[in-house]
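The values are calculated or read from the model by the stated rules, or taken from the named source; none is laboratory data. In this text the structure is predicted, and so the values were computed from the model without any measurement. Here the Cβ positions follow ideal geometry from the backbone for every residue, glycine too, while neighbour counts run over all protein chains shown. Heads up: the accessible areas ignore ligands, DNA and RNA and are worked out on the full protein's heavy atoms, side chains in. Shrake-Rupley method; radii C 1.70, N 1.55, O 1.52, S 1.80 Å.
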Amino acid sequence: MSIGVYWWRALLVLGALGLAWGSLVNGLAGYYADRVATGEGAMIDHALGWQPDQSATLFLKALRVLPDDPDRGVRLLEDAYRANPSDPRPLIALAARSLEDGDVERSEALIELAGRLAPVDPRVQLAAAAYWWQRERYDRMLTHWSTTLEADASQRKILFPDLLKIAESLEYRALLGSTAVSPPSWWTDYFRYVARTAVDTDTVRFLYALRRQSASEPPTPDERAVYVERLQKDGAIAEAYVIWLSGLNDTERRQLGLLYDGGFELPIEGRGFGWRLASNAHFSAEPVATRGSNGRAALRLRFRAFEGPFRHLSQPLFLDAGQYRLSGRVRVDSLASQGGVKWTVRCLLPDSKILGEGSRFLGSSDWREFDLYFEVPETCVYQQLTLVSGGTRAFEQKLDGTLWFDDLKVARAATLDAAARVDALMRDLAEPAQSSGNGQADAKESSE
């Protein structure tokens with residue numbers, strides 16, 4: 001065997017020994033580093049003894065040394081960064097130290113570099129935000145909060161309450177202007193949070209007004225819907241109606257009237273002043289093409305062993321004081337029920353009060369017309385049309401089968417018919433016996 005062969009084998013043996021030693025050193029260093037990371041500070045020197053250039057351990061050593069020996073601590077931080085230039089933590093600590101030493105320019109440069117090294121690490125971004133908060137540069141703080149929220153959705157439960165406080169502050173709310181004009185991915189969820197949580201409606205108004213200033217990215221349908229919902233909840237009905245109206249497209253505007261989309265030509269979205277459906281496993285409703293309908297569809301309601309009070313189909317109304325007639329067509333396909341269902345019109349604000357009730361629908365019938373007369377008093381500023389159970393007892397509220405509605409309209413009426421006048425008189429006589437707390441509950445229900 002030639003000398004060359006022995007030399008080659010010797011190199012392989014030396015290489016193998018080198019790899020084994022490297023693995024041993026790294027393993028022991030990692031072992032000690034793990035103990036350091038779990039809080040065993042005494043292991044820092046052991047870890048560095050096995051691997052002196054271990055960045056994470058150098059960083060922890062620097063943090064322990066800084067309070068008593070700042071100069072040595074800074075050197076250790078610099079060594080930690082040189083050992084791993086992708087780790088932003090030494091830079092954050094150096095930035096804080098430089099700020100304490102009065103070197104503001106170096107401090108800002110270091111914190112900017114740290115943020116760029118870890119643009120999607122929420123911990124680093126939050127540390128950078130805390131730095132700018134300490135500097136009272138809240139605009140820069142918000143930039144890092146925004147990056148944090150885009151990188152980690154779980155941070156919303158932590159940061160949204162703080163962002164709400166900023167929106168509620170007359171002194172600082174203008175800081176949100178640039179974010180609102182060019183909204184990041186988390187903005188819609190934030191606006192929804194504010195609309196449902198803010199104490200004052202003006203906070204929500206302010207944010208929505210900021211969004212309307214954006215020429216390139218105007219408020220989304222979701223933003224408009226939650227804003228209208230908040231206005232309805234707070235009783236700003238005229239303002240809510242105008243905002244809802246401004247968001248309708250040409251197709252939707254063609255369905256406008258005192259009752260919106262009474263022909264059920266559009267999908268039911270459950271927003272604003274349109275039709276609303278409450279979900280239930282034993283009930284469904286959707287516009288469907290069928291024989292005898294005018295237009296493209298009629299509303300099909302299906303009940304499958306439904307039990308309990310039914311009030312799952314409704315539409316908010318914004319009517320002036322006066323007398324009205326609700327009319328429409330109905331087809332009943334074997335609706336098995338002792339009580340059936342009926343249309344009611346109720347005043348929601350300022351007090352809850354039934355304004356009119358129609359006849360019950362049950363059994364079977366082909367398409368036929370129906371109507372309901374009602375009067376809106378001067379004091380009533382917000383109403384709701386609802387399809388409800390025709391009976392009050394449990395056995396009367398069981399529903400099984402199908403019925404259809406089409407061509408629903410609300411129009412001014414010259415006077416109430418005789419039946420409507422009698423019904424109104426009977427309700428007025430019975431009203432003192434009703435609970436005074438029902439109004440607030442109904443108004444709250446209508447906005448949900």
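For this structure, a couple of remarks:
- The residue that is most open to solvent (accessible area, probe 1.4 Å), among those in segment 208-228 that are in a helix (DSSP H, G or I) and touching a helix residue (DSSP H, G or I) at 6+ places or on another chain (Cβ under 6 Å), is 222.
- Every pair of residues 6+ apart whose Cβ atoms lie under 9 Å, when the first sits in segment 265-288 and is among the small types (Gly, Ala, Ser) while the second is assigned to a strand (DSSP E or B) and open to solvent by 80 Å² or more (accessible area, probe 1.4 Å): 281/304; 284/302; 284/304; 285/302
- For residue 351, the criteria (1) in contact with a strand residue (DSSP E or B) (Cβ under 8 Å, 6 or more places away or on another chain); (2) in contact (Cβ under 8 Å) with a residue 40 or more places away in the chain hold in every case but one, which is (1).
- Residue check, residue 113 more than 22 Å from residue 175 (Cβ to Cβ), among the aliphatic types (A, V, I, L, M) and in contact (Cβ under 8 Å) with a residue 12 or more places away in the chain: yes
- Among the residues making up segment 85-101, a single one is part of a loop (DSSP other than H, G, I, E, B) and either more than 23 Å from residue 122 (Cβ to Cβ) or over 40 Å from the mean Cα position of the chain (by Cα) (or both): 101.
- Residue in segment 270-282 that is in a helix (DSSP H, G or I) and surrounded by fewer than 16 Cβ atoms within 10 Å (Cβ to Cβ) present: no
- Check on residue 245, surrounded by 19 or more Cβ atoms within 10 Å (Cβ to Cβ), out of contact with any strand residue (DSSP E or B) (no Cβ under 6 Å at 6 or more places or on another chain) and either at pLDDT 95 or above or in a helix (DSSP H, G or I) (or both): no
- Any hit, segment 7-18, residues being basic (Lys, Arg), surrounded by fewer than 20 Cβ atoms within 10 Å (Cβ to Cβ) and modelled with pLDDT of 80 or more: no
- Unique residue being open to solvent by 20 Å² or more (accessible area, probe 1.4 Å) and closer than 18 Å to residue 258 by Cβ when the list is 381, 345: 381
- Checklist (1) part of a strand (DSSP E or B); (2) closer than 24 Å to residue 287 by Cα applied to residue 359, failing item: (1)
- Hits in segment 102-123 - residues which are over 34 Å from the mean Cα position of the chain (by Cα) and among the β-branched types (Val, Ile, Thr): 104
- Against the list (1) open to solvent by 30 Å² or more (accessible area, probe 1.4 Å); (2) closer than 22 Å to residue 371 by Cβ; (3) modelled with pLDDT of 95 or more, the condition residue 295 fails is (3).
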